[in-house]
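Let me begin by presenting the structure, written as structure tokens, before commenting on it.
Just so you know, all these numbers are worked out from the coordinates, no wet-lab data involved. Remember, it's a predicted structure, so these values are computed and weren't measured experimentally. Reconstructed Cβ throughout: ideal geometry from the backbone, glycine too, with neighbour counts over all protein chains shown.
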Amino acid sequence: MRGWSAERVAEAAGARLVETGRGADGPGPKRVVIDSREVRPGDLFVGLPGERVDGGRFAADALGAGAWGVLVDDGWAGVEDPTGAGAVLVASDPLAALQDLANAWRHALGAKVVGVTGSTGKTSTKDLLAAMLAPELRVVATPQNLNTEIGLPLAILRAPEGTEALVLEMAMRGPGQIAELAEIAEPDVGVIVNVGPVHLEKLGTIEDVAAAKAELLQGLRPGALAVVPAGEKLLEPYLRDDLEVVTFGPGGDLSELPPGLELTVGGHEPPAHLRANALAALAAARALGVEPRGRIDVELSAMRGQRTTTPGGVLVIDDCYNANPMSMRAALDDLAGTAPPRDGGRRIAVLGDMLELGPDEVHFHEEIGAHARRRGVDVLVTVGPLARHMGPAFGGETHHAPDAAAAAELVDGLVAAGDVVLIKASRGVGLEAVAQRLTG
């Protein structure tokens, strides 16, 4: 938005321009931030009201740090600017203003937009698609975890002028949230990677999960492309006649990657679940006029399956960003297909609680223990009160730790050269402590 005047920024956000120390026709903001501690000269700081702290109280600090301006609610309209140079924009709802600003920038870019959601694998699918598009298009993909009603607008506003494709991850915790994200992003292509038992604590049933994910389909304009898994009956009621639909996976329109396309992840052959996600990404890439060819090496987002071999000869698979029953099984399948670095090495699974699974949470954890046994895991380390239920169903060598800190100590003393260690749990467990302990 560097080329936008303060008046245009305010108009796009549906805000009032109270002060413009830089002049209404001066250069616009370099980027948008919501944390005053991250403000750099030229930024627009948006003070979002929170449950505990109102971000507007930090508006003066942001202006003092050289912010281009601030966007705050009516209560902070009189904020004092120590520099006398910043713009002050006021809106009754700063979050809605941020979302409106992002939508306006999305249209100003003129880029094609792909929305990606799913119960598991949406981040890796986003990463795969961005890698496929990058050789031919100027592409911006959701960074880190900017996939919520706050994060997605920030992801859009990070896209520089000249961006040709936006690949936006869309997360949800309950009904109506994907619909909100789709209204902001207005995607040209909607990708649903899968439907599985996640957030059941709030949603209740797998059918309700499907309905929440299908809000992305409902948010597509007539003639847009929907990319969905083949044979997913839970999504069939939401496949409108005015959408173009491409299915992927066994029995689908895309069931295998084409000859001449070689995908690697960090230099390694991707596991089976990533190859399935790659089919969804390929369908979206083709919709944007790109036919991926040759070798494409994909860099996955942090804590989504990165592999690191320690100086002591232990292969660590860091997949601890999040977990649910679907992704746990896929990760264990990946572990089963990974040869230990040395003869005699063991396959060790460090698995923590899967959260927000509702009344059947114990059963889901028992199923994962049984799956670990079937997939030939040699040693199981469970972390947290729910994960403890995996142990009896596993039946083999099992260790338990009450929390991530204890698990880091336990696993560090357990592993030996030649082992391969999978680390996975819901985000709230914080199992990155184990990965950091092992990899240093």
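What whole-number volume per residue, in cubic angstrom, does the convex hull of the C-alpha atoms of segment 282-366 give?
160
Could you tell me the largest-minus-smallest coordinate of the C-alpha atoms of segment 323-409 on each of the three principal axes, in descending order and whole angstroms?
The Cα atoms of segment 323-409 stretch 42, 27, 21 Å along the principal axes, largest first.
Against the globular-protein guess of 2.2 N^0.38 Å, express the Cα radius of gyration of segment 6-92 as a ratio, rounded to two decimals.
Cα Rg divided by the expected 2.2 N^0.38 Å: 0.94.
Starting from the Cα-Cα distance between Arg346 and His268, subtract it from 0.36 nm times their residue separation and give me the gain in nm to one decimal.
Length gained, Arg346 through His268: 26.1 nm.
Beta carbons within 10 angstrom, averaged per residue: use that to sort the peptides 287-297, 38-48, highest first.
On the way: 287-297: 15.2, 38-48: 20.1.
Going from most to least packed, we get 38-48, 287-297.
Quick one: if you take sqrt(5λ) for each eigenvalue of the C-alpha gyration tensor of segment 110-298, what semi-axes come out, biggest first, whole angstrom?
In descending order, the three semi-axes are 23, 20, 16 Å.
Mind checking which of Leu44, Pro271, Pro311 is farthest towards the positive end of the chain's charge dipole, using Cβ charges of +1 (Lys, Arg) and -1 (Asp, Glu) about the Cα centre?
Pro311
Cross-link list Lys233/Lys424; Lys202/Lys233; Lys112/Lys233: which exceed 25 angstrom alpha carbon to alpha carbon?
The pairs that break the limit, which is 25 Å between Cα atoms, are Lys233/Lys424; Lys112/Lys233.
Using alpha carbons only, how many angstrom separate the centre of segment 1-20 from the centre of segment 76-112?
Cα centroid of segment 1-20 versus Cα centroid of segment 76-112: 6 Å apart.
Search the structure for amide H atoms under 5 Å from the amide H of Leu263, placed 1.01 Å from N in the peptide plane, and list their residues when 5 or more places away or on another chain.
Excluding prolines and chain starts, which carry no amide H, the hits are Ile296.
For segment 224-309, treating each Cα as an identical point scatterer without solvent, what Debye log10 I(q)/I(0) comes out at q = 0.12, 0.14, 0.18, 0.26 1/Å?
-0.42, -0.56, -0.85, -1.32
Mean-square fluctuation check for the chain, GNM, Cα pairs under 10 Å: which of Asp378, Asp127, Asp319 is largest?
Between Asp378, Asp127, Asp319, it is Asp378 that shows the largest mean-square fluctuation.
Compute the long axis of helix 94-109 from its Cα atoms, compare it with the longest principal axis of the Cα atoms of the chain, and write down the angle in degrees, 0 to 90, nearest 10.
90
Can you give the percent of C-alpha pairs in segment 385-440 whose distance is more than 19 Å?
When every Cα pair of segment 385-440 is considered, 28 percent fall beyond 19 Å.
Over segment 97-195, what portion of Cα pair distances is larger than 23 Å, expressed as a whole percent? The partial results should precede the final answer.
Values: 712 of 4851 pairs.
The proportion of pairs with Cα distances above 23 Å equals 15 percent.
Sort out for me the Cα centre separation of segment 245-312 from segment 53-75, rounded to whole Å.
42
Using only alpha carbon positions, build the gyration tensor of segment 84-125, then give the equivalent ellipsoid semi-axes as the square roots of 5 times its eigenvalues, largest first, whole angstrom.
30, 15, 10
At 222 nm, what helix-only mean residue ellipticity would the chain give, in deg cm²/dmol to the nearest 500, using -39500 (n - 2.57) for each DSSP H run of four or more? Intermediate values should be presented prior to the final figure.
Details: 15 runs with 140 residues, N = 440.
Calculated mean residue ellipticity at 222 nm is -9000 deg cm²/dmol.
Counting other beta carbons within 10 Å of each residue's own, what order do Met172, Met303 fall into, fewest first? It would help to have the intermediate numbers written out before the result.
Values: Met172 25, Met303 18.
Ascending Cβ contact count within 10 Å gives the list Met303, Met172.
Run the dipole for the chain about the Cα centre, Lys and Arg Cβ at +1, Asp and Glu Cβ at -1, nothing else charged, and hand back the magnitude in debye, nearest 20.
Roughly 900 debye for the chain.
So if each residue of separation counts as 0.36 nm, and I subtract the Cα-Cα distance between Asp333 and Asp93, what length gain in nm does that give?
81.8 nm
Taking the alpha-carbon centroid of each part, what is the distance from segment 164-190 to segment 315-354 in angstrom?
30
Compute the helix-to-body angle for 404-414: its Cα long axis versus the longest principal axis of the chain, expressed 0 to 90° and rounded to tens.
Tilt of helix 404-414: around 40 degrees.
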